[in-house]
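**Q** Sharing a structure here in structure tokens format.
The values are calculated or read from the model by the stated rules, or taken from the named source; none is laboratory data. What you are looking at is a predicted structure, and each value in this text was computed from that prediction instead of being measured. Note that we place each Cβ from the backbone using ideal geometry, even for glycine, and neighbour counts take in every protein chain shown.
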Ligand code: NAI
């Protein structure tokens, strides 16, 4: 099957990639026929950003480019935006949706990187490596097996058995650990991992507890003084999820008392926004606390996986109209449309729009082969496959429908 014709030829579709997103994204656009790609190494701000966005159809960014409403207004041709990262707070999501712009991200491309770091930190904790390393740096030779253990045969407790938790489970079992876990959803246990009915039952039975829950009202302060007290004396804690999940002061106290034998923490309630901002945290200076600057997912492999994930979503949207996994937009999982023509219509979610779209299609003698409708909040998205339509004639009438935000035809 040949690739569809778009409303614009691919070579006229302008792609702007900011903040040095991984080169693989550029390659994917080129391979798909999108040769008009500008790849900027840094973030742009203010007038420079607005100028760069003028005439751009697809934009890719990371966390430092603010796509606020004025930036969206400057990007009058924009059809979609891709955040080459997990967070999407840097984009005005509702405003983007109201301009007919779906926003994509890559929530799980760094799963393996986080899971590997957690296993590494577990080894470091069980062998007290950081304290011994710091002592060696200071000229102090602490050669002792006292308190040092293998992971093999120990019980790992996983809280949150989603993408990362379940990967940690597989890696830990391959090292001979016993795995128990707690999740609020019924999830499939991998390997020999055993679900536990409550957080507490994981805490009381684990030699190391690792947290892999999202930041939600339910998980804020999930691990406080009572939960730390419920852990086995001398057990370890790893938090590479979100800083809000653990009460930092309570953990500092539990580490000082020795009830928690050691902790490895990658995420904090307050994290510096700029490299020159001081990192302030109650765990600083506590010898049995390993602190890493939110690098769980930061690997070259993850950057490449993110590039593939987000670039593929942007290309799929351009080619088929699929909005699968868009964070701000009605989701339609669409395959390529083959030999028919596809009409994409994005509008304010108001009664009567669908009927008017169909009236226009009928007036242009387009025979409807299939139709998909999805709404989310204030936005509606209708995709209609028709046998044939003259886009040059039909698009102005489709765009004239009251409430229309955007319309496109794929041949
Ligand atoms: P996910 O959404 O795949 O899995 C989260 C799991 O936690 C789900 O199965 C959910 O049902 C469960 N859950 C939610 N509330 C719970 C509760 N109160 N008790 C028990 N289980 C609960 O998420 P994923 O991708 O595994 O990420 C987990 C965490 O890791 C997130 O907080 C994410 O922000 C963080 N993360 C940290 C990174 C780092 O650099 N340190 C990088 C990537 C993700």
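**Q** Just need a number here: residues in the stretch 320-351 that are more than 26 Å from residue 402 (Cβ to Cβ), surrounded by 20 or more Cβ atoms within 10 Å (Cβ to Cβ) and within 23 Å of the chain's Cα centre (by Cα).
**A** Qualifying residue count, the stretch 320-351: 2.
**Q** Condition check: in the same structural domain as residue 117 (by TED's automatic domain parsing), touching a helix residue (DSSP H, G or I) at 6+ places or on another chain (Cβ under 9 Å), closer than 27 Å to residue 218 by Cα and not in a helix (DSSP H, G or I). Does residue 188 satisfy that?
**A** Here the answer is yes, as residue 188 does meet what is asked.
**Q** Next question, about the same structure. Pairs only if they're at least six apart or on different chains, beta carbon under 6 angstrom, first in the stretch 201-226 and modelled with pLDDT under 95, second surrounded by 13 or more Cβ atoms within 10 Å (Cβ to Cβ); list them, first residue then second.
**A** Every condition considered, the pairs that remain are 215/242; 215/244.
**Q** Return the residue satisfying two criteria in turn: it lies in the stretch 194-213 and is more than 26 Å from the chain's Cα centre (by Cα) and under 27 Å from residue 148 (Cβ atoms), and of such residues it is nearest to the ligand (Cβ to nearest atom).
**A** 202
**Q** Going residue by residue through the stretch 93-107, is there one that turns out to be under 30 Å from residue 237 (Cβ atoms), touching a helix residue (DSSP H, G or I) at 6+ places or on another chain (Cβ under 6 Å) and modelled with pLDDT of 95 or more?
**A** yes
**Q** Test residue 45 against the stated conditions and say whether it is more than 14 Å from residue 96 (Cβ to Cβ) and either out of contact with any strand residue (DSSP E or B) (no Cβ under 7 Å at 6 or more places or on another chain) or without any contact (Cβ under 8 Å) to a residue 12 or more places away in the chain (or both).
**A** When the stated conditions are applied, residue 45 passes them.
**Q** Name the pairs: first residue in the stretch 182-196 and under 13 Å from residue 172 (Cβ atoms), second residue loosely packed, with under 15 Cβ neighbours inside 10 Å, Cβ to Cβ under 7 Å, at least 6 apart or on different chains?
**A** Partner pairs satisfying both residue conditions: 190/170; 191/170.
**Q** Is it true that some residue in the stretch 277-285 is more than 16 Å from the ligand (Cβ to nearest atom), in contact with a strand residue (DSSP E or B) (Cβ under 8 Å, 6 or more places away or on another chain) and outside the structural domain of residue 15 (by TED's automatic domain parsing)?
**A** Taking every residue of the stretch 277-285 in turn, at least one turns out to be more than 16 Å from the ligand (Cβ to nearest atom), in contact with a strand residue (DSSP E or B) (Cβ under 8 Å, 6 or more places away or on another chain) and outside the structural domain of residue 15 (by TED's automatic domain parsing).
**Q** Give the number of residues within the stretch 4-59 that are outside any strand (DSSP E or B) and out of contact with any helix residue (DSSP H, G or I) (no Cβ under 7 Å at 6 or more places or on another chain).
**A** 28
**Q** Hey, could you check the stretch 67-90 for residues that are touching a residue at least 40 places away in the same chain (Cβ under 8 Å) and closer than 21 Å to residue 309 by Cβ and say which is surrounded by the fewest Cβ atoms within 10 Å (Cβ to Cβ)?
**A** The selected residue is 86.
**Q** Out of the stretch 228-249, which residues are surrounded by fewer than 22 Cβ atoms within 10 Å (Cβ to Cβ) and farther than 23 Å from residue 295 by Cα?
**A** Listed by number, the residues that qualify are 229, 230, 232, 233, 234.
**Q** Give the residues of the stretch 237-253 that are within 10 Å of the ligand (Cβ to nearest atom), more than 14 Å from residue 208 (Cα to Cα) and out of contact with any strand residue (DSSP E or B) (no Cβ under 6 Å at 6 or more places or on another chain), sorted by residue number.
**A** 242, 243, 244
**Q** Scan the stretch 137-185 for residues that are within 9 Å of the ligand (Cβ to nearest atom) and in a loop (DSSP other than H, G, I, E, B) and jot them down.
**A** Hits for the stretch 137-185 are 160, 161, 162, 183, 184, 185.
**Q** Next question. Determine whether residue 271 is out of contact with any strand residue (DSSP E or B) (no Cβ under 9 Å at 6 or more places or on another chain) and farther than 28 Å from residue 213 by Cβ.
**A** No.
**Q** So which residues in the stretch 252-269 are within 20 Å of residue 120 (Cβ to Cβ) and without any contact (Cβ under 8 Å) to a residue 60 or more places away in the chain, if there are any at all?
**A** Listed by number, the residues that qualify are 255, 260, 265, 267, 268.
**Q** Based on what the data block shows, is residue 261 farther than 23 Å from residue 93 by Cβ and either surrounded by fewer than 21 Cβ atoms within 10 Å (Cβ to Cβ) or within 13 Å of the ligand (Cβ to nearest atom) (or both)?
**A** When the stated conditions are applied, residue 261 does not pass them.
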